[in-house]
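Structure first, then comments.
The values are calculated or read from the model by the stated rules, or taken from the named source; none is laboratory data. Since this is a predicted model, take the numbers as computed values, not measurements. Cβ: placed from backbone, ideal geometry, glycine included. Neighbour counts: every protein chain shown.
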Amino acid sequence: MKVCVISSTRADFGLLKNLLIQFQKFRVDYKFVVIGAHLSRYYGSTLTEIKHSKLKIYKKIYYKINTSNELGISKAVSECCEKITKIFKKINPEIIILLGDRYETLSCAISAHICNIPIGHIHGGELTEGLIDDAFRHSITKMSHLHFVSNQIYKKRVIQLGENPNKVFNVGGLGVESIKNTNFYSKKDIEKKLNLKLQKKNIIINFHPETLNKGLAKKQINEIINSLKNLKNTTLIFTMPGAELENKEIIKKIKLFINQRKNTYFFKSLGQQKYFSILNQVDLMIGNSSSGLLEMPSFNKPTINLGIRQKGRIKAKSVINSEIKEKNIRSSIKKAYSSYFKKSLKFNLSPYGKGDTSKKIFSILKKTNLKNLMNKKFYDIKQKI
C-alpha cells in the first residue's frame, strides 16, 4: 500500500497523528506532506510539533498565506494546486488521505482528481453552516472514493450526496482517540510550561471568523470580550484563530485585551499535549471551534458554542448554544457553572465513538483493492419523489 497523507494545520495534524503512527508501526509506504499554516511563523510554526512527534516528513510545501482578502486565499488555493500536483506526479501514490474541509484540502483534492488518484476522505458529511468550508467539504466528498465519517448521521448524508454505501464507513472521530492516547500534564507542570497561573475558575476561548457572515468578526469578538472582562478569580486562555478571512480583526482585539486584564493569555499554538492538558484543567470552553463539539465532550465539561459557525454539527448534551451577544454569553456562562448543569454532565456521552478510529481506518485500507476505486458510479437513493 502506497499512501500520501497531507496536513495543513495544527488541528488536522492532531487528528491525523494516530493514523500516521499506525502506518509507521506496520511499515506502510507512506509519504507525509506538510503544507500551509504549519510553515508560517504568524500561525505559530506548528511544524515544530510534527518534528517532536518523530514522524517522518516527506516534503514541505511553502506558499504565501494572505487571509486579508479573497484574492489572497484564491492565490493560495492556486499555488497549492500547482505545487501539490508536482508531488503527486513524482510519488504516484495508490491513495491520498485528506481530512476535513479547508481550502487547502480542496486544492489537494482537485489535484488528486486531475492526477487520477483515489482519495480517502476523513470527517465528511458534517455541516458547518456558517462557513465557506461547508461547500468545500461536500465538494471533497464528491471527489473522494473512500469515506471515513465520524457518526451514523454523517454516513447517511454522504450517501445522500450519491456515494456508494459500501464505500462509506462510520469509524468515529479521531479527536476522541487523540484524547484517549494523550498523557496530560499536571496542573503544576502545565502552569510552568505555559508560564500561566490557573485560578479558582478557568476558561479557554477558541473563536474563529464566521466566513459566511462577512464584516461581523470585530463586533463579535467585542461582544465576547465584554462578557468576560468582569469575571472574578478567572483565568482566560485565548487560542489563535485559524488562517481565514477577518482573523486579524479578532487577533488585534485579543492582544489589546490581554494587555488590559490580569491572568489573560494568548497562544498561537499550544501543541496537542499541552492543549489537551489545558482542556483537562479548565472549567469550560467558549467559542465556535469544532474542538468544542468533537473533543471537549470527552472531558465531560461544558462548551458554550457561539453563533452559526458550527451550525448543523451533532452536539453532545454538554454543549450550550448561544448567540454572540454579551447578555447571552453571560447567561450561558452562568448556566455552565450551575450545579444542575454540572450534574447532567455525569451522563454525557461523546457522539463520536470510543477512540479506536485510526485502527478502523487502517484495517479498511488494508482490505480494500485501491486499484479499482477511480471509476465510481453515482448512487441514487431509491425513493418516491
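With the requirement that a residue be in contact with a Phe, Trp or Tyr (Cβ under 8 Å, 6 or more places away or on another chain) and either buried (at least 20 other Cβ atoms within 10 Å of the Cβ) or of a type in the set (S, T, N, Q) (or both), what does the range 258-271 give you?
Answer for the range 258-271, where residues must be in contact with a Phe, Trp or Tyr (Cβ under 8 Å, 6 or more places away or on another chain) and either buried (at least 20 other Cβ atoms within 10 Å of the Cβ) or of a type in the set (S, T, N, Q) (or both): T264, S269.
Restricting attention to the range 217-257, which residues are without any contact (Cβ under 8 Å) to a residue 24 or more places away in the chain and surrounded by 16 or more Cβ atoms within 10 Å (Cβ to Cβ)?
I251, the sole residue that qualifies.
Tell me the residue from G130, G124 that is surrounded by 24 or more Cβ atoms within 10 Å (Cβ to Cβ) and at negative phi, please.
Exactly one of G130, G124 is surrounded by 24 or more Cβ atoms within 10 Å (Cβ to Cβ) and at negative phi, namely G124.
When only residues in the range 324-351 that are among the hydroxyl-bearing types (S, T, Y) and not in a loop (DSSP other than H, G, I, E, B) count, which is modelled with the lowest pLDDT?
Applying the filter and picking the extreme gives S344.
Could you pull out the residue among I73, I140, I97 that is among the β-branched types (V, I, T), assigned by TED's automatic domain parsing to the domain that holds L19 and surrounded by fewer than 24 Cβ atoms within 10 Å (Cβ to Cβ)?
I73
It is to be established whether one or more residues within the range 303-316 are small (G, A, S), under 26 Å from I190 (Cβ atoms) and modelled with pLDDT under 95.
yes
Across the range 80-130, what is the number of residues that are out of contact with any strand residue (DSSP E or B) (no Cβ under 7 Å at 6 or more places or on another chain), of a type in the set (S, T, N, Q) and in a helix (DSSP H, G or I)?
Residues flagged as out of contact with any strand residue (DSSP E or B) (no Cβ under 7 Å at 6 or more places or on another chain), of a type in the set (S, T, N, Q) and in a helix (DSSP H, G or I) within the range 80-130 amount to 3.
What's the total number of residues in the range 180-224 that are polar (S, T, N, Q) and assigned to a helix (DSSP H, G or I)?
Within the range 180-224, residues that are polar (S, T, N, Q) and assigned to a helix (DSSP H, G or I) number 2.
Return the only residue of S289, S277 being of a type in the set (G, A, S), crowded, with 24+ Cβ neighbours inside 10 Å and in contact (Cβ under 8 Å) with a residue 60 or more places away in the chain.
Selected residue: S289, the only one of S289, S277 that is of a type in the set (G, A, S), crowded, with 24+ Cβ neighbours inside 10 Å and in contact (Cβ under 8 Å) with a residue 60 or more places away in the chain.
From the list F362, F378, F347, pick out the single residue that is of a type in the set (F, W, Y) and without any contact (Cβ under 8 Å) to a residue 40 or more places away in the chain.
Within the list F362, F378, F347, the selection yields F347.
Per-residue answers, yes or no, for (1) over 25 Å from E295 (Cα atoms); (2) in contact with a Pro (Cβ under 8 Å, 6 or more places away or on another chain); (3) surrounded by 21 or more Cβ atoms within 10 Å (Cβ to Cβ):
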site	(1), (2), (3)
C115	yes, no, no
I153	no, no, no
I159	yes, yes, no
G173	no, no, yes
V176	no, no, yes
E191	no, no, no
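Is it the case that some residue within the range 22-32 is closer than 26 Å to V158 by Cα and assigned to a strand (DSSP E or B)?
No: zero hits.
Can you name the residue in the range 33-44 that is of a type outside the set (G, A, S) and not in a helix (DSSP H, G or I) and, of all such residues, is surrounded by the fewest Cβ atoms within 10 Å (Cβ to Cβ)?
Per the criteria, the residue is R41.
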